[in-house]
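Step one of this worksheet: look at the structure below.
The values are calculated or read from the model by the stated rules, or taken from the named source; none is laboratory data. Remember, it's a predicted structure, so these values are computed and weren't measured experimentally. Counting neighbours? That spans all protein chains shown, and the Cβs are built from the backbone with ideal geometry, glycine included. For accessibility, only protein heavy atoms count, side chains too; no ligands or nucleic acids. Shrake-Rupley method; radii C 1.70, N 1.55, O 1.52, S 1.80 Å.
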Amino acid sequence: MSSGNLSLLSEHACFDGAQRFYQHDSREIGLPMRFAVYLPPQAAQGPVPAVLYLAGLTCNEETFMVKAGAQARAAELGLALIAPDTSPRGAGVPGEAESWDFGVGAGFYLDATQAPWATCYRMESYVVAELLPLLIEALPLDGARIGIFGHSMGGHGALTLALRHPGLFKSLSAFAPICAPTQCAWGRKAFAAYLGPDESSWQGHDASALMRQSTGVPYPGGILIDQGLGDKFLADQLNPAQFEAACSAVGQPLTLRRQARYDHGYYFIASFMGDHLAHHANALASTD
């Protein structure tokens, strides 16, 4: 599957593997997009399982690879890591760079339906229908063993994409995710502009609503979420208890760890990264 020119921008030896940064011309976005991939040393022998990481507001494709401290454990476990950007860059939509929580760096991992955002702000289709197939074809990745996780807005993206595309992602976790975006300021601001005023259309991008609507148990092996209790966004934006209740209602196993003192940043993420990668490695150990 071709998706324009795949250009390797840089490559760095890292824990006997390769840390790479790429750019390509995106069909879904209509603009050049950048992403990062870490290939563990095991990839030299053949396809390896991979975990897709979705970053949060204001971040880009470099943030996770630089700050999360994930590569050492990924090398031990034989996991590839994939990190796309958080939004289109250079779309030229009026107002897209005026707010830190909307527009550039804040694509919310959905396909906008409202003008002028609908043309380029198509992060769901970009990630699911374009980037993953492209990388599975171009790199030594096992397409039957792909997991997903993310942080904050990216945690929202991980939960919703996993629930919206059953069977695509074999494992799921999140750090401080926006669990009920239809009920917090970040989500309502983004959804109103990207999806329009009809709030019924928003439910399909709300992880708690999606879980409540589930007719089965999407992840029998369990979902892992870490949430810092020192997180300044916990009370007003994140709502983990709503997702916890939704999981309980449908019998979805959930490990929601409330971590004393930890805040919303990457020191928190790095502290528990090893647990999350082990969670994914265990679930991705086979294709069953």
Original post:
Scanning for something under 18 Å from the mean Cα position of the chain (by Cα), open to solvent by 20 Å² or more (accessible area, probe 1.4 Å) and not hydroxyl-bearing (Ser, Thr, Tyr), does the range 177-200 turn up at least one residue?
Top reply: no
**OP:** Mind listing just one residue for me: the one in the range 244-265 that is polar (S, T, N, Q) and without any contact (Cβ under 8 Å) to a residue 40 or more places away in the chain and, of those, surrounded by the most Cβ atoms within 10 Å (Cβ to Cβ)?
**Re:** Gln259
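Restricting attention to the range 119-131, which residues are outside any helix (DSSP H, G or I) and open to solvent by less than 30 Å² (accessible area, probe 1.4 Å)?
At the first step, the residues of the range 119-131 found to be outside any helix (DSSP H, G or I) are 119-122.
Answer for the range 119-131, where residues must be outside any helix (DSSP H, G or I) and open to solvent by less than 30 Å² (accessible area, probe 1.4 Å): Cys120, Tyr121.
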Subject >> Looking only at the range 213-243, and only at residues there that are of a type in the set (A, V, I, L, M, F, W, C), part of a loop (DSSP other than H, G, I, E, B) and out of contact with any strand residue (DSSP E or B) (no Cβ under 6 Å at 6 or more places or on another chain), the one that is nearest to Tyr53 (Cα to Cα) >> reply: Phe233
Subject >> Selection from the range 174-212 of residues that are small (Gly, Ala, Ser) and assigned to a loop (DSSP other than H, G, I, E, B) >> reply: Ala176, Ala180, Gly196
Subject >> Inter-residue pairs, beta-carbon under 9 Å, first under 18 Å from Lys232 (Cβ atoms) and in contact (Cβ under 8 Å) with a residue 60 or more places away in the chain and in the range 266-282, second open to solvent by less than 30 Å² (accessible area, probe 1.4 Å) and in a helix (DSSP H, G or I), 6+ apart >> reply: Tyr266/Thr63; Tyr266/Phe64; Ile269/Phe64; Ile269/His276
Subject >> Residue satisfying all of: in the range 147-175; more than 12 Å from the chain's Cα centre (by Cα) and hydrophobic (A, V, I, L, M, F, W, C); surrounded by the fewest Cβ atoms within 10 Å (Cβ to Cβ) among these >> reply: Leu168
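Taking the range 201-243 as the search range and keeping residues that are aromatic (Phe, Trp, Tyr) and closer than 20 Å to Met273 by Cβ, which one is surrounded by the fewest Cβ atoms within 10 Å (Cβ to Cβ)? Reasoning before the result, please.
As a first pass, look at the range 201-243 and keep what is aromatic (Phe, Trp, Tyr): 202, 219, 233, 243.
Pick out the ones that are also closer than 20 Å to Met273 by Cβ and you get 219, 233.
Details: Tyr219: 20, Phe233: 16.
Looking at the filtered set, the residue picked out is Phe233.
Based on what the data block shows, is Asp231 farther than 25 Å from Ser99 by Cβ and among the acidic types (Asp, Glu)? Spell out the reasoning first.
Numbers: farther than 25 Å from Ser99 by Cβ: no; among the acidic types (Asp, Glu): yes.
No; evaluated as a whole, the condition is false for this residue.
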**OP:** List every residue pair whose Cβ atoms sit under 6 Å apart, with the two residues 6 or more apart in sequence or on different chains, where the first one lies in the range 205-229 and is of a type in the set (Val, Ile, Thr) and the second, anywhere, is crowded, with 16+ Cβ neighbours inside 10 Å.
**Re:** Val217/Gln252; Ile223/Leu172; Ile223/Leu254; Ile225/Ala174; Ile225/Leu256
Subject >> Scan of the range 226-269 for residues that are of a type in the set (Gly, Ala, Ser) and touching a helix residue (DSSP H, G or I) at 6+ places or on another chain (Cβ under 7 Å), ordered by number >> reply: Gly228, Ala246, Ala249
**OP:** Sort out which residues of the range 144-168 are closer than 13 Å to Val51 by Cα, without any contact (Cβ under 8 Å) to a residue 60 or more places away in the chain and not in a helix (DSSP H, G or I), and write them in order of number.
**Re:** Leu168
